[in-house]
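The values are calculated or read from the model by the stated rules, or taken from the named source; none is laboratory data. Fair warning: this is a prediction, and the values are worked out from it, not measured in the lab. Every residue, glycine as well, gets a Cβ built from its backbone with ideal geometry; the counts of neighbours run over all protein chains shown.
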């Protein structure tokens, strides 16, 4: 059993909304809202707030912060302690505790053709 404090309303919202249109031409894709487990300025202090949209194909560390306006999609990866207020997409990989992706900024990694 987890000791994290999770906002019940955030979990309920997440359960009801399972797709999102990231406006990248792919239409609605399987996605979820990130549940933030810490507040800015107090690393890793459980808060359970509802964060931004994350595509199910992307990876966000549980100790990353995705603001309500932040988006992570494609095959992007966001590491521990990263704060996302903008967009991380494609094959972008953002790491480093304290790294910030500001609102209005998009970090895009080139998608590989397979």
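A few points about this structure:
- Residue that is surrounded by the fewest Cβ atoms within 10 Å (Cβ to Cβ), among those in segment 34-49 that are modelled with pLDDT under 85 and outside any loop (DSSP other than H, G, I, E, B): 42
- If you go through segment 13-28 and pick out every residue that is surrounded by 13 or more Cβ atoms within 10 Å (Cβ to Cβ) and at pLDDT below 85, you end up with 2.
- Looking across 104, 81, 109, one residue alone is over 19 Å from residue 32 (Cβ atoms), surrounded by 13 or more Cβ atoms within 10 Å (Cβ to Cβ) and out of contact with any strand residue (DSSP E or B) (no Cβ under 7 Å at 6 or more places or on another chain). It is 81.
- Within segment 79-105, being touching a residue at least 40 places away in the same chain (Cβ under 8 Å) and assigned to a loop (DSSP other than H, G, I, E, B) holds for one residue alone: 97.
- Filtered residue count, segment 57-78, keeping only those that are assigned to a loop (DSSP other than H, G, I, E, B) and either within 10 Å of the chain's Cα centre (by Cα) or surrounded by 20 or more Cβ atoms within 10 Å (Cβ to Cβ) (or both): 11
- Conditions (1) closer than 29 Å to residue 97 by Cβ; (2) modelled with pLDDT of 60 or more; (3) out of contact with any strand residue (DSSP E or B) (no Cβ under 6 Å at 6 or more places or on another chain); number of the one not met by residue 31: (3)
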